[in-house]
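What follows is one structure encoded as structure tokens, with my remarks underneath.
The values are calculated or read from the model by the stated rules, or taken from the named source; none is laboratory data. Given the structure is predicted, the values throughout are model-derived calculations rather than measurements. We place every Cβ from the backbone using ideal geometry, glycine too, and count neighbours over all the protein chains shown. Heads up: the accessible areas ignore ligands, DNA and RNA and are worked out on the full protein's heavy atoms, side chains in. Shrake-Rupley method; radii C 1.70, N 1.55, O 1.52, S 1.80 Å.
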Amino acid sequence: MSKGRMFSWAIVVMLALVPVNSLRLWLQGEPPSGATPLGSVIGGAVAWGIAGALGFFLVVSARGIRKRQASEQQALARLQEQPLAPMVPRQALVRPGEVAYAAVQAHLREVHTVGYETETAGTSRPSLFGLVTHHRSNATSIAVNEALIVATGELVVTDERVIFAGDHKSFALALDTLVNISGYTNGFTLSDGRATHTVLIEDPYQHAVFQFTLQKALHAIGMR
């Protein structure tokens, strides 16, 4: 369960307990200040109504999520079992005769210097008899690097290349030049020995589609 859904269920529980707490106070003879029986009844009904509506939405949406996940699992099973099928990318341009097999949404991440920090180191040296102390300090500037999203676009696997067509940056790597592919839970790092690119794929299903398609495309040219 995602954090958002857990937070939503917590709201449902709290709303459902509001009328219960109000009833407890009335039964103890300690009603909330300024509260009337009718107002408490109306407020409790509203709280239960909101809690019920939100709970119903969460239950229905959970069913939809399970159906979507089951459908995605079936699609991935077919992708593993069946030959690669041609498709048409929306953004990336393929060369004449080049066949695209999969396209997913991705982000290009690069490490950039975002600032500098200064470190100061000093030494002290007492003179004869300790009457005078000499101080010397050295300041060193250190670059602060940070991984940043520099482009968002379409990541495509073809029978010849991996292509990223982004809004600000793009790249293409030939499959037969790839020397390193590192997979993560949310992306991949691809390198041909001259350039290295890290792409992030937020959707788990699209991540799996890219991974399986790339494996098959590499296998087809005898790379993996």
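Peptide packing: for 111-117, 94-100, the average count of neighbouring Cβ atoms within 10 Å per residue gives the ranking 94-100, 111-117, highest mean first. Rolling a 1.4 Å probe over the protein chains gives Leu93 an accessible area of about 150 Å². Taking the square roots of five times each eigenvalue of the Cα gyration tensor of the stretch 177-224, the equivalent ellipsoid has semi-axes of 18, 15, 6 Å, listed largest first.
Accessible area per residue was computed with a 1.4 Å probe on protein heavy atoms; His207 scores about 20 Å². Each label point was placed 7 Å from the Cα along the Cα-to-Cβ direction; for Leu27 and Val59 their separation is 2.5 nm.
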